1. Give the residues of the range 298-324 that are touching a residue at least 40 places away in the same chain (Cβ under 8 Å), part of a helix (DSSP H, G or I) and buried (at least 18 other Cβ atoms within 10 Å of the Cβ), sorted by residue number.
2. Those residues that are modelled with pLDDT under 80, outside any helix (DSSP H, G or I) and more than 22 Å from Ala276 (Cβ to Cβ), I need them from the range 203-259; list them, please.
3. Return yes when Lys316 is under 22 Å from Phe54 (Cα atoms) and under 16 Å from the mean Cα position of the chain (by Cα) and no when it is not.
4. Given (1) modelled with pLDDT under 95; (2) in contact with a Ser or Thr (Cβ under 7 Å, 6 or more places away or on another chain); (3) of a type outside the set (Phe, Trp, Tyr), where does Asp93 come up short, assuming only one miss?
5. Considering the range 12-30 alone, what residues qualify as being polar (S, T, N, Q), outside any loop (DSSP other than H, G, I, E, B) and under 20 Å from Glu311 (Cβ atoms)?
6. Tell me which residues, restricted to the range 120-169, are among the acidic types (Asp, Glu), in a loop (DSSP other than H, G, I, E, B) and out of contact with any Gly (no Cβ under 7 Å at 6 or more places or on another chain).
Amino acid sequence: MSVADLKNNINKLDTGYGLMSLTWKADPVPEAKAFEAMYRAVELSRERGHKAFFNVGEFYGPDFINLSYVNDFFAKYPDLRKHVVISCKGGIDAATMTPKGSHDDVIQSVKNSVNAIGGYIDIYEVARLDTSLCAKGEVYPFESFEALAEMISEGVIGGISLSEVNEEQIRAIHKDWSKFLTCVEVELSLFSTDILENGIAKTCAELGLTVICYSPLGRGLLTGQLKSNADIPEGDFRKTLKRFSDESLKKNLALVKFLQEEVIDKRPSNNSITLAQLALGWIKHWSKVPEYKGTKFIPIPSGSSISKVDENFDEKKTELTDQEFKTINDFLATFRTVGDRYEMV
């Protein structure tokens, strides 16, 4: 599939599927249950006339378990592979979670991932830019992308995505490698609105790059299921984040309370939505804002059960009115999330 085809397939999406939470936890979701959810995500995407989007990671759990799940899934359902675009993160030292962006490290990362997943990967991205490799004046490690371009030329991967990049880096990488770029993956949720304020979203719109929005449900905060730190399982990295401490949650959950009382509860009973659907709808609504005409915002929620996938992929239920969108944004203008995205307690 060409880069143009990949971009076309991505732009048909309204919702992608994130597989990180299936395996990056103390107790991974059993394969059989995970497969049911994965199958449903593909099924719903096909019903809407486009491919599914699987977002996976080389380091989403020990021993390539995230990619092994995908390998086993397509071994069970080989006919479904052609209906899925796989986007994979790599280029990270799994033990230290630090970037490994040298030419040889990136080549090895791609090959390891392809081997673990059982074949071709549509889109690959280094999870973090290894800026330690940058010479004076450089804003991104050229050799990382040189390696990815080689992998494309060899037919091992199809295109490149960017992850956790700033405006300056997007522009510089686009200038050098635009023919291979498919999209930009960054965090966006009602609790993490940074990209709307720091030029990243505007730059993507200007350059015609789709924005893939990870953690769209605020790492569970926007599902209504987290009331205290005790609700987070032992071994879950959220336990150590300031945003999820009990003291922070008292303040952060004010946003959830507002969404419930001022938007969800004010909807007519025949048009009810869940907190998760509202959160996803808010992200998608940015695609309608004239300022971002050149891009599309695609959330990639997870979902470890058929019911969760059904909830997250219900496109009708994730449509907000312009007034609801304004009501939410007016509140956000006065609200400040306690705890940065990766700030530790």
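1. Initial filter on the range 298-324 (touching a residue at least 40 places away in the same chain (Cβ under 8 Å)): 298-306, 308-310, 312-313, 315, 317-318, 320, 324.
Of the ones still in play, those that are also part of a helix (DSSP H, G or I) are 306, 308-310, 312, 324.
Matches in the range 298-324: Val309, Asn312, Glu324.
2. Glu234, Gly235, Ser245
3. Working: under 22 Å from Phe54 (Cα atoms): yes; under 16 Å from the mean Cα position of the chain (by Cα): no.
Criteria not met by Lys316.
4. (2)
5. Narrowing the range 12-30 to residues polar (S, T, N, Q): 15, 21, 23.
Pick out the ones that are also outside any loop (DSSP other than H, G, I, E, B) and you get 21, 23.
Matches in the range 12-30: Ser21 only.
6. Initial filter on the range 120-169 (among the acidic types (Asp, Glu)): 122, 125, 130, 138, 143, 146, 150, 154, 164, 167-168.
Those left that are additionally in a loop (DSSP other than H, G, I, E, B): 130, 138, 154, 164.
The answer is Glu138, Glu154, Glu164.
Yes or no, residue by residue, for (1) closer than 30 Å to Lys202 by Cβ; (2) surrounded by 17 or more Cβ atoms within 10 Å (Cβ to Cβ):
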residue	(1), (2)
Leu249	no, yes
Ile283	yes, yes
Ser287	yes, no
Lys296	yes, yes
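Let's see how each residue does on (1) not in a strand (DSSP E or B); (2) not hydroxyl-bearing (Ser, Thr, Tyr):
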residue	(1), (2)
Leu44	yes, yes
Val56	no, yes
Tyr60	yes, no
Ser68	yes, no
Ala75	yes, yes
Lys82	yes, yes
Ser87	no, no
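The values are calculated or read from the model by the stated rules, or taken from the named source; none is laboratory data. Please read these numbers as outputs of a predicted model, since none were measured by experiment. With ideal geometry, Cβ positions are generated from the backbone for all residues, glycine too; neighbour counts draw on all protein chains shown.
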